[in-house]
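A.B. asks: Before I ask anything, let me first share the structure, which is written out below as structure tokens.
The values are calculated or read from the model by the stated rules, or taken from the named source; none is laboratory data. These numbers were taken from a predicted model, which means no experiment stands behind them. In this analysis, Cβ positions are derived from the backbone assuming ideal geometry, glycine residues included, and neighbour counts consider all displayed protein chains.
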Amino acid sequence: MVLESCDFTFLFYDYETFGIHPALDKPSQFACIRTDIHFNIIDIPNEFFCFPPIDYFPNPESILITGISPNYVKKYGLNEFEFTDRIHEQFKRPNTCILGYNNIKFDDEFTRNIFYRNFFDPYEWSWKNGNSRWDILNVLRACYALRPKGINWPFRKNSDFPSFKLSDVSKYNNVKHYQAHSAISDVYATLQIAKLLKRRQPRLFNYFFKCRNKKQLLKIIDIKNVKPMIYVSQFFGVLKKNVGFIAPILWHPNNLNILIAFDLTKNFSIFIEYLINIKGTIEDYSQFFKRGIIFIYVNRCPILAPINVIKIKFYESFGIDFKLFRKNLSLIRNRIFLKKKLKVVIGNFVKVQYENIDLQLYSKLLSSSEKNIVKITHNFLKKCSFDIQFPFLTDRMKSLFFRCRARNYPNLLNETEKVIWRKYCNSVMTKEKISTYVDRVSELLKLNSKNFKNVLLLKDLLRYVRNINKKILQA
């Protein structure tokens with residue numbers, strides 16, 4: 001293992017949620033385990049639940065997957081502010097590498113959004129005071145593609161393609177995984193998979209552990225010479241073993257965390273023709289991606305490696321046409337004017353603007369003044385001190401602050417605020433929406449009529465909906 005400071009720790013964590021949208025859906029359960037650098041557990045595991053606010057209905061299918069009902073978490077869980085505060089206490093410890101299984105794309109996005117909604121800095125937890133993050137699923141994909149020996153690889157039913165489901169990988173490698181989609185069980189299983197990877201492929205494991213850091217990645221990215229690289233990502237699909245051969249082109253003009261690269265299995269000549277004919281601004285990148293452009297977020301622990309980790313004789317098995325590969329590299333290196341045009345076009349991209357404050361995490365980064373406001377306001381929220389004015393709040397922070405108070409501490413709203421909150425709840429939880437939701441749950445009841453556990457969960461959900469409907473009317 002790469003040497004770290006003596007107080008370095010890993011924090012394995014996982015959420016269960018009431019849906020899959022990180023900004024609009026809500027968490028239901030959190031669990032974490034802290035280990036030393038050798039994966040020895042050094043602290044008591046943490047597990048706690050979170051109940052949803054009254055302006056939100058859980059996804060019924062998610063409840064059937066996790067087995068966690070909103071009535072259960074209402075009885076045994078915390079409101080989202082207190083839930084987030086507990087998580088923040090775990091994450092803020094210095095020199096912590098925070099990791100999970102598919103956490104970069106899923107759990108970390110939920111973390112950022114609940115931190116944003118509840119007046120915690122949405123980003124500092126992952127980099128400040130020597131902290132970092134990592135994702136065991138991405139390392140597992142790299143292991144399968146580049147150095148598969150030593151791991152038993154499960155395959156999808158009636159297929160030659162591997163399964164990277166945590167439950168399947170655990171089963172095939174004799175890892176105890178008592179209950180899939182239980183946060184604490186998933187955390188223990190992820191820890192065991194990490195141990196397995198480190199034991200069976202130590203060089204690969206240590207290399208990608210070191211390169212989880214943006215500073216280390218920048219050392220191996222050579223834009224000036226357009227040095228090709230290996231990029232392991234689900235984006236490329238199982239036919240290519242999730243492996244892409246890419247050429248770095250330039251840094252995104254509006255976000256220096258984004259490396260703009262080209263997929264060398266595509267034809268760069270076709271992209272040149274498309275790029276030359278672009279006039280004005282673009283509203284989405286779909287046509288860019290279709291023609292081979294790739295955005296790689298270097299602050300999201302991408303799996304990047306030198307091209308020589310795969311021998312040329314094996315290129316064909318990854319879908320590489322070597323002649324096209326060399327032709328593309330030559331075109332990219334010799335068409336400097338195209339880089340300039342690409343930079344201008346991408347720089348003029350029209351970003352989607354959302355009216356819903358819950359969706360505005362990425363619309364605009366927090367300014368320095370807003371970061372200070374977040375810290376000040378958080379302290380008042382923690383003390384439940386709402387009987388003072390907050391003239392320093394920006395418009396965005398005012399809306400966020402009101403929703404945070406109303407969702408977590410509705411009993412502390414004044415009479416005027418209660419009227420505003422009631423109107424808002426009635427606008428998002430209309431009779432039509434409630435009726436449609438009840439019909440959806442009722443249909444699931446019919447489909448699951450022979451599954452006793454699911455029937456209990458769905459009936460409990462209907463009781464929850466009726467109670468929420470009453471609360472909205474009485475709010």
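A.B. asks: In the range 276-310, how many residues are surrounded by fewer than 18 Cβ atoms within 10 Å (Cβ to Cβ) and part of a helix (DSSP H, G or I)?
C.D. replies: Residues meeting the conditions: 8.
A.B. asks: Does Ile44 qualify as being surrounded by 22 or more Cβ atoms within 10 Å (Cβ to Cβ) and either in a loop (DSSP other than H, G, I, E, B) or modelled with pLDDT of 95 or more (or both)?
C.D. replies: When the stated conditions are applied, Ile44 does not pass them.
A.B. asks: To continue, here is another question. Do we have Asn173 as on the phi < 0 side of the Ramachandran plot and either within 25 Å of the chain's Cα centre (by Cα) or among the polar types (S, T, N, Q) (or both) here?
C.D. replies: In short, yes.
A.B. asks: Just one of (1) in contact (Cβ under 8 Å) with a residue 40 or more places away in the chain; (2) closer than 18 Å to Lys341 by Cβ; (3) crowded, with 19+ Cβ neighbours inside 10 Å trips up Phe271, so point out which.
C.D. replies: The failed condition is (1).
A.B. asks: Let me ask something else. Suppose the filter is of a type in the set (Lys, Arg), assigned to a helix (DSSP H, G or I) and in contact (Cβ under 8 Å) with a residue 24 or more places away in the chain; does Lys371 pass it?
C.D. replies: Taking the combined requirement at face value, the residue satisfies it.
A.B. asks: Turning to a different aspect of this structure: Being surrounded by 21 or more Cβ atoms within 10 Å (Cβ to Cβ) and not in a helix (DSSP H, G or I), is that true of even one residue in the range 78-93?
C.D. replies: Taking every residue of the range 78-93 in turn, none turns out to be surrounded by 21 or more Cβ atoms within 10 Å (Cβ to Cβ) and not in a helix (DSSP H, G or I).
A.B. asks: Any chance the range 122-141 includes a residue that's closer than 19 Å to Tyr15 by Cα, hydrophobic (A, V, I, L, M, F, W, C) and assigned to a strand (DSSP E or B)?
C.D. replies: Yes; the residues of the range 122-141 include at least one that is closer than 19 Å to Tyr15 by Cα, hydrophobic (A, V, I, L, M, F, W, C) and assigned to a strand (DSSP E or B).
A.B. asks: I want to confirm something. Restricting to the range 395-433 and keeping residues that are among the aromatic types (Phe, Trp, Tyr), assigned to a helix (DSSP H, G or I) and at pLDDT 90 or above, which single residue is surrounded by the most Cβ atoms within 10 Å (Cβ to Cβ)?
C.D. replies: Among residues in the range 395-433 that are among the aromatic types (Phe, Trp, Tyr), assigned to a helix (DSSP H, G or I) and at pLDDT 90 or above, the one surrounded by the most Cβ atoms within 10 Å (Cβ to Cβ) is Trp421.
A.B. asks: Looking only at the range 88-117, count every residue that is hydrophobic (A, V, I, L, M, F, W, C), in contact with a Ser or Thr (Cβ under 9 Å, 6 or more places away or on another chain) and closer than 16 Å to Phe10 by Cβ and tell me the total.
C.D. replies: 4
A.B. asks: Going by the structure shown, is Ile468 in a helix (DSSP H, G or I) and closer than 18 Å to Ile68 by Cα?
C.D. replies: Yes, satisfied.
A.B. asks: Next question. Taking only pairs six or more apart or across chains, which ones have beta-carbon atoms under 8 Å, a first residue in the range 320-343 that is in contact (Cβ under 8 Å) with a residue 12 or more places away in the chain, and a second residue that is buried (at least 18 other Cβ atoms within 10 Å of the Cβ) and among the small types (Gly, Ala, Ser)?
C.D. replies: Asn328/Ala247; Leu329/Ala247; Ile332/Ala247
A.B. asks: May I pose another question? Might you check whether a residue that is in contact with a Phe, Trp or Tyr (Cβ under 7 Å, 6 or more places away or on another chain), over 30 Å from His378 (Cβ atoms), of a type outside the set (S, T, N, Q) and modelled with pLDDT of 95 or more occurs anywhere in the range 435-444?
C.D. replies: Looking for residues that are in contact with a Phe, Trp or Tyr (Cβ under 7 Å, 6 or more places away or on another chain), over 30 Å from His378 (Cβ atoms), of a type outside the set (S, T, N, Q) and modelled with pLDDT of 95 or more, one finds at least one in the range 435-444, hence yes.
A.B. asks: Of the numbered conditions (1) touching an Asp or Glu at 6+ places or on another chain (Cβ under 9 Å); (2) surrounded by 22 or more Cβ atoms within 10 Å (Cβ to Cβ), Thr265 satisfies every one except a single condition; which is it?
C.D. replies: Failing condition for Thr265: (2).
A.B. asks: Within the range 325-335, is there a residue that is surrounded by fewer than 16 Cβ atoms within 10 Å (Cβ to Cβ), more than 26 Å from Asp135 (Cβ to Cβ), in contact with a strand residue (DSSP E or B) (Cβ under 9 Å, 6 or more places away or on another chain) and at pLDDT below 95?
C.D. replies: Yes, because at least one residue in the range 325-335 is surrounded by fewer than 16 Cβ atoms within 10 Å (Cβ to Cβ), more than 26 Å from Asp135 (Cβ to Cβ), in contact with a strand residue (DSSP E or B) (Cβ under 9 Å, 6 or more places away or on another chain) and at pLDDT below 95.
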